[in-house]
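Reviewing the structure listed below.
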Amino acid sequence: MLLNKIRSLLSEFVLFIKGLNQAILEQSVEALEAEYMELENAFLTILFGSLIGIKTTPALLSLEILHAVKEEIGTLESRGIKGEDVLGDLMASLGGEW
C-alpha cells in the first residue's frame, strides 16, 4: 500500500519534471526566434540604410551584395505591408493562447 503511493508520487514527479523540461525548451526556442528576428532587422537596416538615407554602409557596398539578399528583401517587403504588431509580438513572447 505504502509502496504503491510512493511509486505513484515518483511517477507524478517524473511527469512534472518532463513537463517542466518541455516548457523550458519551448521558451528557449521562442527566445531564439525573437533574437533571430531582431538580428535580421539589424542586418536589413545596415544593408539598406544607406539607400534610404541612414548612414551605415556605403551605397556601393549595399548594391554589390543586393543579389545575395533576395529573401531578406521579401521579408522586408512583407513586414512593410503588414506593419509591426508590437502588442501581438509581446503577447506571443509571453506564451499561451491569447
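A few remarks follow.
- Using a Förster distance of 22 Å, the FRET efficiency for ALA59-TYR36 (Cβ separation, nearest 0.05): 0.25
- Cβ-based exposure ranking for VAL29, VAL69, in which fewest neighbours within 10 Å come first: VAL29, VAL69
- Pair-distance profile P(r), taking every C-alpha pair of segment 1-78, with 10 angstrom steps and integer %: 16, 26, 16, 13, 11, 9, 7, 2
- Kirkwood Rh, Cα atoms: Rg over Rh of segment 31-75: 1.01
Values in this text are rule-based calculations from the coordinates and carry no lab data. Everything quoted here is computed from the prediction, not taken from an experiment. Every residue, glycine as well, gets a Cβ built from its backbone with ideal geometry; the counts of neighbours run over all protein chains shown.
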